[in-house]
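I have placed the structure first, in the form of C-alpha cells, so that the comments after it can refer back to it.
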Amino acid sequence: MFGFINKIKNIFSRQISENEDIKIEKSSENVLLSSNLDENIKYLRSVFDRCNDVAMRSFQINAEEPIDGFLIYIDGMIDEKLTATNVLRSLQLNPAILKGQEINRSNAFNIIKDSFLSTTEVHIVNDMTKVVENILSGQAVLLIEGTPQAIVSSVRQMEDRSVEEPQSEPLVRGPRDGFVESLRTNTTLIRRRLKTSRLKMEIFKVGTLSQTDVAVIYIDGIANDKIVDEVKRRIKRIEIDGVLESSYLEEFIEDDPSSIFPQVNTTERPDRMCACLLEGRVGILVDNTPICLIVPATFLQFLQSPEDYYNRFPYATFTRILRFVTMNIALLLPSAYIAVLTFHQEMLPTPLLISIAGQREGVPFPAFLEAIMMEMVFEFLREAGVRLPRPIGQAVSIVGALVIGQAAVSAGLVTSAMVMVVSLTAIASFTIPTISGSYAVRILRFPMMVLAASFGLFGIMVGLMAILIHVCTLRSFGVPYITPLAPFSSSDFKDSFIRMPWWAMIRRPKFMGLQDSKRQKLGQKPGPSQNKKDDKGGKSGA
C-alpha cells in the first residue's frame, strides 16, 4: 500500500514539475518587436491592461511625411518636464530637415536616436521583454512606425528619502550620513569615499515579480576572487517571486541557516561598508532598503563599532573590552544568580546570603520562575517600545519598567535583588553595537537559565561548551567564524578584542585570503619633532 502511495506522489510531483517547466518556458519566450507600430501598441496594451499608472502617448514626428510615434512610461517614475522638453517637444517641433538631410521613414530612427534625444542615456532594444523591463524600471520607451526596435530614454526620477544619520547605529564621532532606499544613491555614497576604478559594482536582478536590483560590491585586487565568485553564485541561484528587503537574501546565502548566530553582517553606514571593503570583504546592496549586507562575517565583528576607529586607540580598546564583559553579563548573569541561589548558596558571603534569604521569605516562586517572569516582562516592554510610535514607546518602556518592577516587589512576587539582576542584564545587552548580534545573546539567555536551574554551575559550563563548540564549527563563506581565535593568528589580534593604533596595523586581516594584504607603509609611527629649536621652545624657520 505504501508503495502505491509513493508511486502516486511521484507521478503527482513529476506532473507539477512538468507544469512548472512549461510555465517557465512560456515566460522565458522573447517576443520580438514588429515593424508594425499598431501591433506593438496592441501587445503593450495587453501587457499593461488595468495598469492605470502606465501612461501611453501617441503622436506624430515632424518629418517629410509625418511618422507615427508612441511613447510609454510609468507616471510618477519619470521626470515629466524632462520628457516633455527633451523627447516630445524635440520630435514634434524640430524642423524636418537636419543639416540638409531630409528625415523620412528609412532614416528617422537613426537620426532621432543620434540627434534629437538630449537625455543622458539612450539605448536600443529589440524584444518586448526588454521593453517591459525598462518601462517597469522607470524608463521612457519610444516606438517608431516602420522600425522593429525601441529607443529607451533615461528620464527616471523617483521620490527618495533624504540622506540622514542612521538611527540604529548612532555615533558620537563620525560621519552622519546613512544609506537610503535608493540603490543608486547608496552606490554614490560609497563612490564618494572610495574614488578608485578598482571598486567594482555588479548588478543582478533577483525576484521573478519584483525584479529587484542587487549590487555586489568589492575592491578588485584586494577581495578574494573565490569569495566574490561564491557570493555571486549564491545570489544567482535564488529563485523567488519577490525580494522586498535584504533579509530575504540573507537567509538564502548564509552557510548554516539553523544557527542562532548571524553569519552575515548588516549596516546602514556607508563608512562601515567602505571599511569592510578595504579589509577585503564583499558588500551586497539591495534596492528599496537602507540595510546592506557584508560578508564574510566573524563573531568579533558584532562586538565592534565604527566609532572604535574614530577614537584614539586606548579608549577604543577599553570600550571593546567593556563590550566583551557586558556581553557575558547579558548572557550569564541571570543564570549565575539562579545557580547560586538554587545549588551553591555556600558561595555567597553570609551577610549577603541572609539579606537575600530575608527578601525571598515572602516570595512564592523559586528563583528560576522569578527570573523567567521578569525576563519575559522585560522582553514584552522592549517589543512594545519598538512597535509603538517613538515618543509613546520611550515613555512606555521607562514608565512600564519602573511601575511594574516596583509593583512586583511591593506585591511580594519578586525580590528587589532579582529586579536589579534583570536591569543590569538589560543594560548590558544594550552595549552590543549590532542588533543582530544582540538577538543571539537575548535568545541564548533562556536556555542558559534552564540549564542553571537544572544542574547549577555545571549546567552553565555545559551550555558554554556547547556554544563554543558550535561557533567553532561555523563558517561564513569559508571563513572560520571565531577567527583570529581559532585558527589562531597573532597578527590579526591587532584588531580584535583590542584596537592597535593605525600606524601599527600594517596589513589587512589574513583570514580573508587577500590578494593584496599590505594596507600601508611601514615605519609611520609618529614621534616628537626632530628640530631641537622647536623642542626648546625656539622659533623655527627664518
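The value of relative contact order for region 227-315, using C-alpha pairs under 8 Å at least six residues apart, is 27 percent. Packing here is the average count of other Cβ atoms within 10 Å per residue, and on that basis the peptides 122-130, 426-434, highest first, run 426-434, 122-130. Calculated on C-alpha atoms, the gyration radius of region 183-297 divided by its Kirkwood radius gives an Rg/Rh of 0.93.
Loop-located trypsin sites (Lys or Arg not before Pro) across region 291-358 with a Cβ neighbour count of 13 or fewer within 10 Å are ARG312, with loop assigned by DSSP.
Measuring between alpha carbons in the structure, the pairs from LYS42/LYS232; LYS236/LYS518; LYS200/LYS521; LYS42/LYS81 lying more than 29 angstrom apart are LYS42/LYS232; LYS236/LYS518.
Helix 435-455 axis versus longest C-alpha principal axis of the chain: approximately 30°, rounded to the nearest ten.
Across the chain, the relative contact order, built from alpha-carbon pairs under 8 Å that are at least six residues apart, equals 12 percent. Can you return the aspartates and glutamates within cross-link range of LYS113? Criterion is Cα-Cα under 12 Å, with same-chain partners fewer than 8 residues away left out. The qualifying aspartates and glutamates are GLU121. What's the exposure ranking of ARG507, ARG176, ARG156, going from fewest to most Cβ atoms within 10 Å? Taking fewest neighbouring Cβ atoms as first place, the list is ARG176, ARG507, ARG156. Principal-axis analysis of the Cα atoms of the chain puts helix 350-359 at an angle of about 60° to the longest axis. Working from the Cα coordinates of region 313-480, the gyration tensor eigenvalues give, after taking √(5λ), semi-axes of 28, 23, 15 Å in decreasing order.
For the chain, the convex hull spanned by the alpha carbon atoms encloses 290 Å³ per residue. Taking the charge dipole of the chain about its Cα centre, with +1 at Lys and Arg Cβ atoms and -1 at Asp and Glu Cβ atoms, the residue from ASN86, GLN406, LEU468 reaching farthest to the positive side is LEU468. Taking trypsin sites (Lys or Arg not before Pro) across region 184-226, the ones in a DSSP loop with at most 15 further Cβ atoms lying within 10 angstrom of their Cβ are LYS195, ARG198.
Each reported figure results from applying straightforward, stated rules to the coordinates on display, with no laboratory input. Because the structure is a prediction, the values reported are computed rather than measured. FYI the Cβ positions are ideal-geometry reconstructions off the backbone, even for glycines, and counts take in every protein chain you see.
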